[in-house]
1. Give the residues of segment B:147-192 that are open to solvent by 40 Å² or more (accessible area, probe 1.4 Å) and outside any helix (DSSP H, G or I), sorted by residue number.
2. Output the residues belonging to segment B:120-146 that are touching a Leu at 6+ places or on another chain (Cβ under 9 Å), over 19 Å from A:L179 (Cβ atoms), assigned to a helix (DSSP H, G or I) and more than 8 Å from chain A (Cβ to nearest Cβ).
3. Check segment B:19-39 and report whether any residue there is surrounded by fewer than 18 Cβ atoms within 10 Å (Cβ to Cβ), over 29 Å from A:V124 (Cβ atoms), more than 9 Å from chain A (Cβ to nearest Cβ) and touching a Ser or Thr at 6+ places or on another chain (Cβ under 6 Å).
4. I'm trying to understand the selection: among the residues of segment A:218-246, which are open to solvent by 50 Å² or more (accessible area, probe 1.4 Å) and modelled with pLDDT under 75?
5. Looking for something open to solvent by less than 40 Å² (accessible area, probe 1.4 Å), within 12 Å of chain B (Cβ to nearest Cβ) and farther than 30 Å from B:F200 by Cα - is there at least one such residue anywhere in segment A:83-92?
6. So how many residues does segment A:42-63 have that are of a type in the set (S, T, N, Q) and more than 10 Å from chain B (Cβ to nearest Cβ)?
7. Pick from B:F107, B:F16, B:F44: which is within 10 Å of chain A (Cβ to nearest Cβ), touching a residue at least 40 places away in the same chain (Cβ under 8 Å) and open to solvent by 20 Å² or more (accessible area, probe 1.4 Å)?
8. What about A:S160, is it open to solvent by less than 40 Å² (accessible area, probe 1.4 Å), of a type in the set (G, A, S), within 30 Å of B:P27 (Cβ to Cβ) and part of a helix (DSSP H, G or I)?
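The values are calculated or read from the model by the stated rules, or taken from the named source; none is laboratory data. Keep in mind the model is a prediction, meaning the values are calculated, not measured. Counting neighbours? That spans all protein chains shown, and the Cβs are built from the backbone with ideal geometry, glycine included. In case anyone asks, the SASA skips ligands and DNA or RNA and just uses the protein heavy atoms, side chains included. Shrake-Rupley method; radii C 1.70, N 1.55, O 1.52, S 1.80 Å.
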Amino acid sequence: MLALSIMSEEGGFTLAHFAEFVSEPYYLGVLWRTIRLSVIITLIAALVGFPLAYVMARSGPRSRLWLIIVILLPLMTSVVIRTFGWMVIFERGGIISGTLYDLGLVKRNFTLMRTETAIVIGMVQVLLPFMTLSILGVITRIDQRLEEAARTMGCSFLQSFRHVVLPLSMPGIAAGSLLAFTLSASSFVTPSLLGGPRLQVLASSIYSSVTQTLDWHFAAAQAVILFLGIALTLIPYFRLTGGQHG
Amino acid sequence: MVKAIPLWLKIANYVFIALIVVLMLAPLVVVVGTSFSANQFISFPPKGFSLEWYRKVLSSNAYLGSAGLSLAIALMVTVSSVVIGGAAAIAIHRRELPKSELLSALFLSPLILPTIIYAIGLLMFWSATFGRVSFVTLWIGHTAITLPYVVRTTLAVLTESDPFIEEAARTMGAGRLQRLFFVVLPQCRPGLAAGAFFAFNISFDEAVLSLFLRTPDLTTLPVQIYGQLEFSPDPSVAAVSTIMIALTVLLILVIDRVLGIGKFAST
């Protein structure tokens, strides 16, 4: 809550730090990687989260309860711990590379650590609950009789899914995607642990500016850039939710 | 004649659900599995079985110290967040204060404002005004990011509650404070309880804010784990993490008992 007032203080510095950011190809690369990864992560989360939310909404109370637990338990576990789990899985000789090696699918042992693939998988796991719960809220409000009507009039299941459910759940998908995008653009625990120091994103670059190079002005400039980017994405979000709740 | 759902789609559905379960739970399963390993290095599937790493954790001052700090902060944050958030929710609900809409946006803003931006703002603001970061800074920071959850859950309960009960109490001569304690607060209780669980859980697991505000003697448990992961993880990290996961499971069970998990997920 204090943050907004603090942010304006930070903006009071000279523009030199912003110039530093823009003129340095390295940081532009960081920015580009942040945007690119966030878009990919959001897309995957939406592609997986929408059918998942639909299955949850239309399944019986018992199986829905189990699905909710599957979503909630990781959501309520610290991101640090979940990232640790992925580190063990992706490690050289870990489950993925070990299994593929044993099956003879890859020639030598490899590691997924310090790759963008690792970041994407880890982040999708983090963001899927947010996406699914946003869409679930919308789907449960869709009148099921609309689907039934479409089906009695000769639509196949997939047709009614495509022409009835999908358009009606668009608000949920859009809200969930914007939320996922802002969260993934600003997260740094998962990217910095799975991506390592060479695959920096904006948030991890801010963190190293604060803790390692101790260049607070530059860190603030980067934070302002991140904030502006996120504010721009959030404007349509507020339009969608009518500004009622986050 | 209604066309049946094709068989391949039903099969695809089960495969899809199985994949989701793997994606969501794999990291947790791996962490828990690794913690019982008898091996010197982190490996999954675990080799052998031992409780060696738990013994090591429980005799490590670094882990116990940061666990104590995390617990203390989480408990204090729960109290402050419930008091402030509950009061805010009641005030927003009644629209007695001017600019109620604005107030509600203010209290919910930490939910969408990325924690990293809030963290860096708080760090700079605190250093410029009060100097060294302390326990209090962490407390304030955690309270701010957990407030929206309390406000939301309490508001959700209040909007469903019957406003005429308070009216009735008033006609029967109950004073302002009496009405607050005997009517309004009991009405809010499920919301406050849910908010309290959220606040405790979020504060206990929070890493971003705590990483920015960390000092050598102000290291919460997630930060301690993060530090270990950056350098030399051994299975004792997995043991600590497993204890934290167990705590989360316990918390979810309690929430389910008190409120019912289905209702909880809809907020």
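1. Once the filter is applied, which keeps residues that are open to solvent by 40 Å² or more (accessible area, probe 1.4 Å) and outside any helix (DSSP H, G or I), segment B:147-192 yields B:D162, B:M172, B:G173.
2. B:W126, B:F135, B:T137, B:L138, B:I140, B:G141, B:H142
3. So far as segment B:19-39 goes, yes, one or more of its residues are surrounded by fewer than 18 Cβ atoms within 10 Å (Cβ to Cβ), over 29 Å from A:V124 (Cβ atoms), more than 9 Å from chain A (Cβ to nearest Cβ) and touching a Ser or Thr at 6+ places or on another chain (Cβ under 6 Å).
4. Kept after step one, since they are open to solvent by 50 Å² or more (accessible area, probe 1.4 Å), are these residues of segment A:218-246: A:228, A:232, A:235-236, A:238-240, A:242, A:244-245.
Those that are open to solvent by 50 Å² or more (accessible area, probe 1.4 Å) and modelled with pLDDT under 75: A:P236, A:F238, A:R239, A:L240, A:G242, A:Q244, A:H245.
5. From segment A:83-92, those open to solvent by less than 40 Å² (accessible area, probe 1.4 Å) are A:83-90; that's our starting set.
Then drop every residue that is not within 12 Å of chain B (Cβ to nearest Cβ), which leaves A:83-90.
Now restrict to residues that are farther than 30 Å from B:F200 by Cα: A:90.
Taking every residue of segment A:83-92 in turn, at least one turns out to be open to solvent by less than 40 Å² (accessible area, probe 1.4 Å), within 12 Å of chain B (Cβ to nearest Cβ) and farther than 30 Å from B:F200 by Cα.
6. Kept after step one, since they are of a type in the set (S, T, N, Q), are these residues of segment A:42-63: A:42, A:59, A:63.
Narrowing the set further to residues that are more than 10 Å from chain B (Cβ to nearest Cβ) leaves A:42.
Within segment A:42-63, residues that are of a type in the set (S, T, N, Q) and more than 10 Å from chain B (Cβ to nearest Cβ) number 1.
7. B:F107
8. On the way: open to solvent by less than 40 Å² (accessible area, probe 1.4 Å): yes; of a type in the set (G, A, S): yes; within 30 Å of B:P27 (Cβ to Cβ): no; part of a helix (DSSP H, G or I): yes.
Considered against the rule, which asks whether it is open to solvent by less than 40 Å² (accessible area, probe 1.4 Å), of a type in the set (G, A, S), within 30 Å of B:P27 (Cβ to Cβ) and part of a helix (DSSP H, G or I), A:S160 comes out as no.
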